[in-house]
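Step one of this worksheet: look at the structure below.
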Amino acid sequence: MNLIIFGAPGAGKGTQAEFVSKEKGIPSISTGEIFREAVAAKTPLGIKIAEIMSKGSLVSDGIVLKIVEERIKKDDCKNGFLLDGFPRTLPQAKGFDNLLLASGKKIDEVISLDVAEENIVQRLTSRRICKKCGAKFNLETLPPKIDGVCDNCGGELFQREDDMEKTIRHRLSVYYIETQPLIEYYKSKGILVTVDGNRSVSEISQDIASLL
Ligand SMILES: [Zn+2]
């Protein structure tokens, strides 16, 4: 089974990707991770990517496609794969379809984890981190025993720039603008499955399991 998962930052996509991966016995492939792996392993493509990134340029769709193609040829993908973080653009999505078609494959389902913007903002702005030991807390789901103080080391808790409302809203708007055309594309192909992500982790997982 070949799958793609979409979800805004903070929508809980990583957790659900892990669940689907176990449930279906297929690897969950994050493109960020395979980029880092290729760069670290100094494969020909990895060297190219390192070069491009060191210049601060964007990696072209062609290279992104190539690296995903290499990854899904590996043994662990013989029963399928779950892609997370790819495709990012319509040309990537179309290029990927053609590439799969050439080897007699296709995307079976695209999961879109749909969480209301306000819920994501609420979740992410509740994060706190210890200045001293880096322990992570969440004022809603994992609050410290004493306000503003780390349970482990007594250090001071703070909010990262990334977890501030302004930053989050900006990242979300970028995500929505970037992803909307892809959602429409897969919807028009009849393979989009939208999952209500405004619920508990286990409820969402159950829903996904019943849809796949
Ligand atoms: Zn601490």
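The values are calculated or read from the model by the stated rules, or taken from the named source; none is laboratory data. All figures in this text were calculated on a predicted structure; none of them were measured in a lab. Every residue, glycine as well, gets a Cβ built from its backbone with ideal geometry; the counts of neighbours run over all protein chains shown. In case anyone asks, the SASA skips ligands and DNA or RNA and just uses the protein heavy atoms, side chains included. Shrake-Rupley method; radii C 1.70, N 1.55, O 1.52, S 1.80 Å.
Against the test of being part of a helix (DSSP H, G or I), among the acidic types (Asp, Glu), open to solvent by less than 80 Å² (accessible area, probe 1.4 Å) and out of contact with any Ser or Thr (no Cβ under 6 Å at 6 or more places or on another chain), the options Glu178, Glu184 yield a single qualifying residue, Glu178. Among the residues making up the stretch 119-130, those that are within 16 Å of the ligand (Cβ to nearest atom) and either touching an Asp or Glu at 6+ places or on another chain (Cβ under 7 Å) or β-branched (Val, Ile, Thr) (or both) are Arg127, Ile129. Helices (runs of 4 or more DSSP H) fully within the stretch 36-130 that include at least 1 residues being open to solvent by 20 Å² or more (accessible area, probe 1.4 Å) and among the hydroxyl-bearing types (Ser, Thr, Tyr): 44-54, 117-125.
Can you pull out every residue in the stretch 1-29 that is small (Gly, Ala, Ser) and within 14 Å of Cys77 (Cβ to Cβ)? Scanning the stretch 1-29 gives Ser21, Gly25, Ser28.
When Arg199 is tested against the conditions (1) within 24 Å of Leu82 (Cβ to Cβ); (2) outside any loop (DSSP other than H, G, I, E, B), the lone failure is (2). Annotation: Gly25 fulfils all but one of (1) over 29 Å from Gly197 (Cα atoms); (2) open to solvent by 10 Å² or more (accessible area, probe 1.4 Å); the unmet one is (1). For the stretch 194-212, the set of residues classified as buried (at least 16 other Cβ atoms within 10 Å of the Cβ) and closer than 15 Å to Asp108 by Cβ consists of Ile208 only.
Would you check if Phe35 is of a type in the set (Phe, Trp, Tyr) and closer than 30 Å to Ser202 by Cβ? Taking the combined requirement at face value, the residue does not satisfy it. Exactly one residue out of Ala116, Ala102, Ala93 is among the small types (Gly, Ala, Ser), touching a Phe, Trp or Tyr at 6+ places or on another chain (Cβ under 6 Å) and more than 16 Å from the ligand (Cβ to nearest atom), and it is Ala93. Of everything in the stretch 132-167 that is within 19 Å of Gly10 (Cα to Cα) and among the β-branched types (Val, Ile, Thr), the residue that is farthest from the chain's Cα centre (by Cα) is Thr141. Give the residue that is most open to solvent (accessible area, probe 1.4 Å), with candidates limited to residues of the stretch 131-175 that are hydrophobic (A, V, I, L, M, F, W, C), within 12 Å of the ligand (Cβ to nearest atom) and not in a strand (DSSP E or B). My answer is Cys133.
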